[in-house]
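Here it is: the structure, laid out below.
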Amino acid sequence: MESLNIYEFDKQKIKTMNKKNNPLLILLSLFSFHYSFAQTGITWNMSSDIATASSGNEHPRIVTDGAGNPLVLWGHSDRAMFSRWNGTSFTTPVILNPMTMTIAEASWMGPDIAANGNNVYVVFKQTPEADTSSHIYIVHSADGGINFSAPVKVDNIGDSIARFPTVSVDATGNPIVGFMKFNSTFGDARWVVTKSTDFGNTFSGDVKASGYSATTAEVCDCCPGSITSSGNNVAMLYRDNNSNIRDTWCGISTNGGNSFPSGMALDENNWMLMSCPSSGPDGVIIGDTLYNTYMNGANGTLVYFSKASLTTMTNPTVTSVTGTITGLTQQNFPRIANSGNAVALVWKQVVNGASQLMIRFTDSISNGLPVAYDTVDLANITNADVTLANGKIFVVWEDDASGTVKYRSGIYAIPNSIPTINSSGAFSLYPNPVSETLFLNQVSIGVCSISILNATGQLVKTIDPKCSSIDVNNLPDGIYYLQSFAGYSIPALQKFVVHH
């Protein structure tokens with residue numbers, strides 16, 4: 001079942017009403033578009049630009065700092081560009097690589113970013129890529145992206161070639177970096193992993209984390225990979241090349257990335273391809289399970305979602321993210337992220353010649369991904385990324401028409417964090433969503449207590465039970481619950497959304 005109709009209807013409605021030049025209808029349409037209540041459970045805000053056309057728009061990546069604020073990285077003209085949310089807006093983009101150093105970046109690959117708390121790491125590959133004197137570097141911020149260190153060389157190689165760096169952060173705040181390694185003639189392609197124990201100042205020797213399909217197998221040498229970690233578990237995900245069968249595999253470490261003695265297939269489509277698809281997998285680890293996503297072209301260019309146990313490392317469960325869609329010709333560049341048990345997956349697809357940015361979301365992956373999916377944006381999408389934190393979801397993508405990095409955020413309720421809602425309610429609430437003043441029309445008698453809870457069930461403020469309105473100007477954007485008691489033991493809980 002598709003759930004893109006809400007967004008698609010609103011966007012088409014705006015176009016139609018603009019042609020009619022009806023200001024009132026346009027305003028109402030924009031309001032409807034601004035607050036899209038999706039079947040996935042996400043309340044979306046309107047999209048905006050992070051980078052102007054002059055700042056570039058290739059391969060955006062997004063993570064959050066310790067407070068849940070989004071941090072965005074992208075490539076432009078051989079530069080690693082960075083911007084962070086400062087509480088009210090995104091900061092002016094800054095360049096993270098030295099002006100004397102150019103880096104590898106394109107729409108399908110580029111610098112990577114990871115964060116844990118206020119430790120933020122960005123990795124990039126110096127160009128020219130085929131030069132053995134060009135290396136992979138990392139910069140570190142200990143204050144959530146306000147200040148960054150000078151670049152530190154990651155790869156300890158002198159006679160080899162490296163490319164496609166990807167980074168994760170362990171529980172202690174130290175970076176784990178994966179990258180593709182070749183011999184001096186671009187042969188013997190393999191994925192390796194190195195780690196730091198001093199916050200990116202020095203790195204260990206690299207260890208091999210690929211080659212599990214066959215002793216003669218190499219890796220798909222122009223497909224980026226991704227590394228993910230949780231506790232002592234580290235997974236290096238990549239596209240394999242076993243005699244031109246280009247399925248997705250991963251190396252598994254259970255000792256924090258010190259060694260990768262085993263690996264497993266995540267994709268069993270047996271895609272035979274004589275050329276390189278330039279597209280790689282992405283994944284997250286939750287408990288014992290590796291959840292991952294990738295593109296495979298064996299049965300059409302489709303995006304898949306896979307999960308596998310890190311203990312048994314056998315028989316991954318694989319499903320297509322959408323199944324059959326009329327007019328679908330391509331899906332690609334999937335990304336996945338989690339916050340606790342909440343998981344979001346985004347990808348680009350082309351339907352009837354038009355590109356779309358799609359998302360599937362669940363507030364609890366233990367229940368699996370729902371069938372419903374939504375449209376984040378329509379037209380001119382090439383590459384996107386997603387992250388989640390504190391009941392909020394953040395998506396970035398490159399827009400080829402405007403030449404900008406686009407951004408859209410939404411909010412969702414964290415499950416099992418509030419009592420069961422008593423749907424009868426003690427008040428009628430309006431407006432909802434609310435930006436300044438929430439009005440209460442009492443419909444139950446004997447109300448003796450009113451309070452506001454946030455999405456996690458924490459008390460935000462206590463309200464005079466005789467009041468008829470509540471000032472919400474000081475409440476951050478998000479989902480809230482009005483809790484009221486009227487002489488019975490079970491409180492009435494009524495959901496409302498604050499958006500300024």
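Name every residue in the stretch 191-225 that is closer than 15 Å to Tyr121 by Cβ and assigned to a loop (DSSP other than H, G, I, E, B), in order of residue number.
Result: Ser196, Thr197, Asp198, Phe199, Gly200, Asn201, Thr202, Phe203.
Which of the numbered conditions does Thr185 fail, given that it passes all the others? Conditions: (1) open to solvent by 30 Å² or more (accessible area, probe 1.4 Å); (2) under 22 Å from Pro261 (Cα atoms).
Against the list (1) open to solvent by 30 Å² or more (accessible area, probe 1.4 Å); (2) under 22 Å from Pro261 (Cα atoms), Thr185 comes up short only on (2).
Then there's this: Need the failing condition index for Met358 against (1) in a strand (DSSP E or B); (2) under 23 Å from Ser168 (Cβ atoms), just the number.
(2)
Now, a different point. Would you pick out the residues in the stretch 256-285 that are open to solvent by less than 30 Å² (accessible area, probe 1.4 Å), part of a strand (DSSP E or B) and farther than 23 Å from Val350 by Cβ?
Gly263, Met264, Ala265, Gly283, Val284, Ile285 - these are the residues of the stretch 256-285 that are open to solvent by less than 30 Å² (accessible area, probe 1.4 Å), part of a strand (DSSP E or B) and farther than 23 Å from Val350 by Cβ.
Quick check on this structure: which one of Ile146, Ile136 is of a type in the set (Val, Ile, Thr) and open to solvent by 30 Å² or more (accessible area, probe 1.4 Å)?
It is Ile146.
Among the residues of the stretch 361-380, is there at least one that is buried (at least 23 other Cβ atoms within 10 Å of the Cβ), more than 30 Å from Gln483 (Cα to Cα), within 11 Å of the chain's Cα centre (by Cα) and touching a residue at least 24 places away in the same chain (Cβ under 8 Å)?
No, the stretch 361-380 contains no residue that is buried (at least 23 other Cβ atoms within 10 Å of the Cβ), more than 30 Å from Gln483 (Cα to Cα), within 11 Å of the chain's Cα centre (by Cα) and touching a residue at least 24 places away in the same chain (Cβ under 8 Å).
Could you give every pair whose Cβ atoms fall below 9 Å, whose first residue belongs to the stretch 306-317 and is over 17 Å from Gly368 (Cα atoms), and whose second residue is among the β-branched types (Val, Ile, Thr) and open to solvent by 50 Å² or more (accessible area, probe 1.4 Å), counting only separations of at least 6 or pairs across chains?
Short answer, once both residue conditions are applied: Leu310/Thr254.
Checking Val346 against (1) over 16 Å from Ile285 (Cα atoms); (2) open to solvent by 30 Å² or more (accessible area, probe 1.4 Å): exactly one of these is not met. Which one?
All conditions are met except number (2).
Have a look at Phe439, Phe394 and point out the one that is at pLDDT 90 or above, farther than 27 Å from Ala106 by Cβ and in contact with a Ser or Thr (Cβ under 8 Å, 6 or more places away or on another chain).
Criteria check complete, one pass: Phe439.
Continuing with the same structure: Which residues, counting only those in the stretch 442-460, are of a type outside the set (Ser, Thr, Tyr) and either open to solvent by less than 40 Å² (accessible area, probe 1.4 Å) or modelled with pLDDT of 85 or more (or both)?
Answer for the stretch 442-460, where residues must be of a type outside the set (Ser, Thr, Tyr) and either open to solvent by less than 40 Å² (accessible area, probe 1.4 Å) or modelled with pLDDT of 85 or more (or both): Val447, Ile450, Ile452, Leu453, Asn454, Ala455, Gly457.
Still on this structure: Where residues in the stretch 318-332 are in contact with a Ser or Thr (Cβ under 7 Å, 6 or more places away or on another chain) and without any contact (Cβ under 8 Å) to a residue 40 or more places away in the chain, which of them is least open to solvent (accessible area, probe 1.4 Å)?
Gln331
The values are calculated or read from the model by the stated rules, or taken from the named source; none is laboratory data. As the structure is a computational prediction, the values presented were derived from the model and not from experiment. Cβ coordinates were reconstructed from backbone atoms using ideal geometry, including for glycine residues, and neighbour counts include every protein chain displayed. What goes into the accessible areas is simple: the full protein's heavy atoms, side chains included, and nothing from ligands, DNA or RNA. Shrake-Rupley method; radii C 1.70, N 1.55, O 1.52, S 1.80 Å.
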